[in-house]
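Coordinate-derived values only; no laboratory data. A quick note: this is a predicted structure, and the numbers were derived from the prediction, not measured. Here the Cβ positions follow ideal geometry from the backbone for every residue, glycine too, while neighbour counts run over all protein chains shown.
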Ligand SMILES: [Zn+2]
């Protein structure tokens, strides 16, 4: 990834090993969203290695470096979702149940892969 004013190497790196293969194109898209949102965006997950995905039982979407989970809820989640879709994020995961501090939106810009990966799409946790 490249240096920028909004997101740090650390917050986009794998939580287990510190590796970071976050996509520059996705980062540019994320920065466009952040500039329009014009409020802090707390990233609770960016790049993840395969071992980390396996250990937490998640899909492999974060291993592409094209996915983030943003801690956000309520009205801010509504606003962020609209901007993210307009800026071309095509995979939207919605976790908006339970305590507000545990709520988040997953955003990715993966390409569809026939038989494997549908985009655009929305799912819930
Ligand atoms: Zn790791």
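Computed FRET efficiency, Cβ-Cβ of residue 51 and residue 2, R0 22 Å: what is it to the nearest 0.05?
Calculated value: 0.30.
Sort 125, 47 so that the residue with the fewest other Cβ atoms within 10 Å of its own Cβ comes first and the one with the most comes last.
So the residues, fewest neighbours to most, are 125, 47.
Ratio of Rg to Rh for segment 29-68, alpha carbon only, Kirkwood?
With Rg and the Kirkwood Rh in hand, the quotient comes to 1.09.
Express in nm, to one decimal, how much length is gained between residue 60 and residue 119 on full extension, taking 0.36 nm for each residue of separation and deducting their alpha carbon distance.
19.7 nm
For the chain, what does the helix formula give at 222 nm: sum of -39500 (n - 2.57) over DSSP H segments with n ≥ 4, over the residue count, nearest 500 deg cm²/dmol?
-9000 deg cm²/dmol
Once Rh is set to the Kirkwood radius over Cα pairs, what Stokes-Einstein translational diffusion coefficient, in µm²/s, holds for the chain at a temperature of 4 °C and a viscosity of 1.567 mPa s?
Approximately 89 µm²/s, per Stokes-Einstein.
Starting from the Kirkwood radius over alpha-carbon pairs of segment 1-44, derive D by Stokes-Einstein at 4 °C in a medium of 1.567 mPa s and give it in µm² s⁻¹.
It diffuses with D of about 118 µm²/s by this estimate.
Considering only segment 9-124, what is the antiparallel percent among its DSSP beta bridges, to the nearest 5?
80 percent
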